[in-house]
Amino acid sequence: MSAAPALKKALVYGLVLAGVIAVVGGVVGGFIDGWVGVTSALIGTAMSAVFVAITAGSILLAGRTSKTGMLSPAFFGIVMGAWLVKFIVFLVLVFVLRDQPFVNPAVLFWTIVVAVIGSLAVDLIAVSRARVPYVSDVRMPGDPDSRDRSA
C-alpha cells in the first residue's frame, strides 16, 4: 500500500476547501472593499490552491520516482525542491502584488491565512481517515494476495 490514496483525498478536499474559501472570501471581500476585495480574495484562494496542489503533487511524484521509498535522496530532493519553488513563487507574488491597485492587502492576507489553516485541517482529516499501514510488506486481511497458503 502507499500514501497515494490519502494524498489524492487531501488534494480533493483541499480543492473543495478552496472553492468554499473563494465564495466566502469573495463575499466578505466584496463587503469590505467592493470588487477590489473580491479580486484579492480570489487571488489569495488561487495562490493557496496552487500551493496545495504542488505539495500533494510533489509527494505523489516523489513516491513514484524514488524506488526505495521515503528514505531515498530522490524523494527528499523532489519534495524539498517543490517547497523551494513554492517559497520563491510566494515571495515573488507578494512583492509583485503588494502595490497593485486591484489588491486589498488585508483581504489577500486573511484569505491566505484562512486557506493555510484550512488546508492543514483538511490534510489532517484526509490522513487520519486513510488506511495506511505502519510497516511495509505486510499483507492485510482482505487484500487480494492475502490468501492462506499454508494449506
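Only the coordinates and a few stated rules stand behind these numbers; no lab work does. Worth saying up front: this structure is predicted, and the values here are computed from it rather than measured. Neighbour counts are summed over all protein chains in view; Cβ atoms, including those assigned to glycine, are modelled from backbone coordinates with ideal geometry.
Just add up the charged neighbours of P105: K/R +1, D/E -1, any other residue whose Cβ is under 14 Å from the Cβ of P105. Overall, the nearby charge balance is -1.
Across G19, G77, G63, mean-square fluctuation computed from a Gaussian network of the chain (C-alpha pairs under 10 Å connected) peaks at G77. Looking at the chain as a GNM with Cα springs under 10 Å, which of A22, A106, A46 has the largest mean-square fluctuation? Of the options given, A106 has the highest mean-square fluctuation.
The C-alpha atoms of the chain define a longest principal axis, and helix 73-97 lies at about 10 degrees to it. Taking each residue as 0.36 nm, the span from V24 to I125 lengthens on full extension beyond its C-alpha to C-alpha distance by 34.2 nm.
Quarter the surface of the alpha carbon convex hull of the chain and you get the mean projected area, 10.6 square nanometres. Where Lys and Arg each count +1 and Asp and Glu each count -1, what net charge lies around L93 among other residues with Cβ under 13 Å from its Cβ? Result for the neighbourhood of L93: +1. Taking only Cα atoms, what is the 0 to 90° angle, nearest 10, from helix 4-65's long axis to the longest principal axis of the chain? Value to nearest ten degrees: 20. Where in the chain is the longest stretch that carries no chymotrypsin sites (Phe, Trp or Tyr not before Pro) classed as loop by DSSP and with at most 16 other Cβ atoms within 10 Å? It works out to 1-101.
Remark: the Cα gyration tensor places region 3-45 in the prolate category, a/c being 1.5 or greater and a/b exceeding b/c.
Net charge dipole, region 1-135: roughly 600 debye, given to the nearest 20, about the Cα centre with Cβ charges of +1 for Lys and Arg and -1 for Asp and Glu.
Only Cα pairs within less than 10 Å get springs; with that Gaussian network setup on the chain, which residue of L11, L42, L93 has the largest fluctuation? Looking only at L11, L42, L93, the biggest GNM fluctuation is shown by L93.
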